[in-house]
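Before any comments, here is the structure.
The values are calculated or read from the model by the stated rules, or taken from the named source; none is laboratory data. Everything numeric in this text was worked out from a predicted model, so none of it was measured. Quick reminder, even Gly has a Cβ in these numbers, built from the backbone with ideal geometry, and neighbours come from all protein chains shown.
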Number of protein chains: 4
Amino acid sequence: MTSAGASRPLRADARRNRARVLAAAEEVFAAKGTGASTDEVARAAGVGIGTVFRHFPTKEALLAAVLVDHLRRLAEQADALADARDAGAALFGFFTHVVEQAGGKNAYTGALAEAGVDVGGTTAEFGARMRSALERLLARAQRDGAVRPDVGVAELLALMVGVSRAGEHAGREVQARAAAIVLDGLRPRAADI
Amino acid sequence: MTSAGASRPLRADARRNRARVLAAAEEVFAAKGTGASTDEVARAAGVGIGTVFRHFPTKEALLAAVLVDHLRRLAEQADALADARDAGAALFGFFTHVVEQAGGKNAYTGALAEAGVDVGGTTAEFGARMRSALERLLARAQRDGAVRPDVGVAELLALMVGVSRAGEHAGREVQARAAAIVLDGLRPRAADI
Amino acid sequence: MTSAGASRPLRADARRNRARVLAAAEEVFAAKGTGASTDEVARAAGVGIGTVFRHFPTKEALLAAVLVDHLRRLAEQADALADARDAGAALFGFFTHVVEQAGGKNAYTGALAEAGVDVGGTTAEFGARMRSALERLLARAQRDGAVRPDVGVAELLALMVGVSRAGEHAGREVQARAAAIVLDGLRPRAADI
Amino acid sequence: MTSAGASRPLRADARRNRARVLAAAEEVFAAKGTGASTDEVARAAGVGIGTVFRHFPTKEALLAAVLVDHLRRLAEQADALADARDAGAALFGFFTHVVEQAGGKNAYTGALAEAGVDVGGTTAEFGARMRSALERLLARAQRDGAVRPDVGVAELLALMVGVSRAGEHAGREVQARAAAIVLDGLRPRAADI
DNA sequence: TATGAATGAGGATTCATTCAT
DNA sequence: AATGAATGAATCCTCATTCAT
């Protein structure tokens, strides 16, 4: 009850532990699905369970944190592309990149899925950030005639989620071919020009 | 040559109960995910747990049965379309239909996902049946110039799974628009003609 | 509610089934221990579980019946020996025979164990019969100087049980040597003569 | 080279609880047989079931631990006697002692039985220790002419198990008389001298 | 009478969460 | 703040027993 604020700065070692747990959780959940036990995460992080629960008071909170972390990274990447010279190429590149790295990992596609929808909490924050970065990119790509004009961010995200998820079962090449088809679908039809 | 079953015709009441359990399982798993408890399925079916386990000796077996049941239905529908006059329309119609009825229900997309991959057991049987029906439809649609020639069943299924899954979070309209984009991506490009 | 008596004569096929169940039970319990399920007994007997429970209203009852059956056989064998020329040899032979055929089978040693004690019910009946046959044999062997005079049936039975049980873990030869030692212990000491 | 344990010294309270669980298990299993439920053991120990399973990850493991604990005690007692002045008296005393304290308690005779056989795991360790202590005692007793020369440890153990087990049904006095007969059987015959 | 399906209490085990050290 | 032991509700599954066919 020292300061009062929402989230004291956190001692250096505590911050380090939080990061370790988060990283371990990402790895474990990606590898074994969200059903993996908290214990396993603790072991992977090299800390006691108590520590996991101190930082993330609930398993759900831990899962959310993993998603947020992922969204944050995606948002940053999208942000970095927002002003790219060739918006169309950037958008398609981002799509491909996301889908590839998701590579069927539950934890990642989960994060993506949340971005397309309005979940409460911090998740929303980064989801929104990514959405808006994507929105700008999409608008520019459409203005440039690289993407058909009747597509919205929502569909775009849904398709990213979809192709990512498809990869959970299909192999890498099938996923790549599916992605190619979707990207083609996003291009303007000849008739539209 | 039915992989395992066939033991005996099953008494009338037993068959009725088996069906009730299966229906309940489909509903429960679709609504709450495959994590729902067997107890809940039993309650939903209005039978004792013992009955559930008598018919499906393992939770996994129950889940598999749900999938098989779905695949069976899908396979039947695909079969029915195999000789349709307009193969392209039939294929697109099937795609839309599947994606719509999946409507984000775990159990359904799960079934679909299995079809694209070679899981062992009875699941494979119906998955294969559906794949081959789809294969015929696809080949004809390609011959008719309704679908681009470089698409395979694997991608087709992957996209069906993907769009279905995308619907788990996105709303109905977003899903529909995503589906439209994918279908467009499947059509031959102007240049190809 | 036809006759009234304690146990109607039982239809021919019913009697046959009872015997089949009993035989199966003996085999199954001997092989897998008394923990084996009633279902397994039914399957081994080639009848439905309902039939098992019709003849033996309880698993305990079934176990008891197995014991009784075994005791009955032992009693008959003991009876047959009661008038043997050489009582000592007969007694020792019986001991060896019992111990050998028990061969570590739970079901059999169980039966034996019950014989030495006053359990209620039918078990007692055959236990008593065997005890008395053994008693006569023992008395004669003692009169002949083949067995030390201070031994009672109770100890004799206890030792039969004990050596039989020892066989559950030890191998056959060890059991045989143990039996030899016990038999030696039963003989009169040199000094006693 | 302790087979599995040794991981870490175990916190003081944890060690206390482990001991409590073990003691409770010994009591419960001795009283009601190994079929008694783990729940019952937990209740008897005054801890939650979770605690039982934390210390003994399996019911089988718990049973094994009970056996090991007993074997350890027996091994210690046998060790203590190994150098006794009068080896014969010590051996007979040990036999009697073991048989008496087993007193028909399942758990105890179980432990004994395991000693005579080579079960894997830690059980073997203490079983072996006891066997070798007994071996030395036996050899000396035989050299002193207190025990017939053609007896091996295996038989000795088998007889200890046997007489202990016999006590499960027979009363205390009958068991004592049976033990006396066995001990007599172990002595050298007059003719052997 | 025989059958085998239905029942549900009971048992082993897991795991998120709390709390003493 | 970190640890890891303790907790017990929840879950899957088995099996003796009952009952409709």
field: segment B:46-57 - residue that is part of a helix (DSSP H, G or I) and either more than 14 Å from every other protein chain (Cβ to nearest Cβ) or more than 10 Å from DNA strand E (Cβ to nearest atom) (or both) and, of those, farthest from residue B:22 (Cα to Cα)
entry: B:49
- request: Among the residues of segment A:20-42, count how many are among the charged types (D, E, K, R), surrounded by 15 or more Cβ atoms within 10 Å (Cβ to Cβ) and within 14 Å of DNA strand F (Cβ to nearest atom).
  value: 2
- prompt: Checking residue A:60 against (1) within 13 Å of DNA strand E (Cβ to nearest atom); (2) part of a helix (DSSP H, G or I); (3) in contact with a helix residue (DSSP H, G or I) (Cβ under 9 Å, 6 or more places away or on another chain), which single condition isn't satisfied?
  reply: (3)
query: Inside segment B:165-193, can you point out the residues that are more than 7 Å from chain A (Cβ to nearest Cβ) and assigned to a helix (DSSP H, G or I)?
result: B:172, B:173, B:176, B:179, B:180, B:183, B:191, B:192
message: Could you go through segment A:38-45 and let me know if any residue there is touching a residue at least 12 places away in the same chain (Cβ under 8 Å), within 14 Å of DNA strand E (Cβ to nearest atom), acidic (Asp, Glu) and farther than 19 Å from residue B:33 by Cβ.
response: yes
- prompt: Which of the following residues is surrounded by fewer than 19 Cβ atoms within 10 Å (Cβ to Cβ), assigned by TED's automatic domain parsing to the domain that holds residue D:159 and under 22 Å from the mean Cα position of the chain (by Cα): D:102, D:89?
  reply: D:89
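Just one of C:110, C:5 is in a loop (DSSP other than H, G, I, E, B) and at pLDDT below 95; which is it?
Working: C:110 fails: in a loop (DSSP other than H, G, I, E, B).
Every option except C:5 fails the conditions.
The rows are residues; the columns are (1) more than 30 Å from residue B:147 (Cα to Cα); (2) of a type outside the set (A, V, I, L, M, F, W, C); (3) assigned to a loop (DSSP other than H, G, I, E, B).
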site	(1), (2), (3)
B:23	yes, no, no
B:34	yes, yes, yes
B:43	yes, yes, no
B:65	yes, no, no
B:85	no, yes, yes
B:89	no, no, no
query: Out of D:101, D:142, which single residue is within 28 Å of residue C:158 (Cα to Cα), in a helix (DSSP H, G or I) and modelled with pLDDT of 90 or more?
result: D:142
field: residue B:162 vs. criteria part of a helix (DSSP H, G or I) and either free of Cβ contacts under 8 Å to residues at least 12 places away in the same chain or more than 21 Å from residue B:81 (Cα to Cα) (or both)
entry: yes
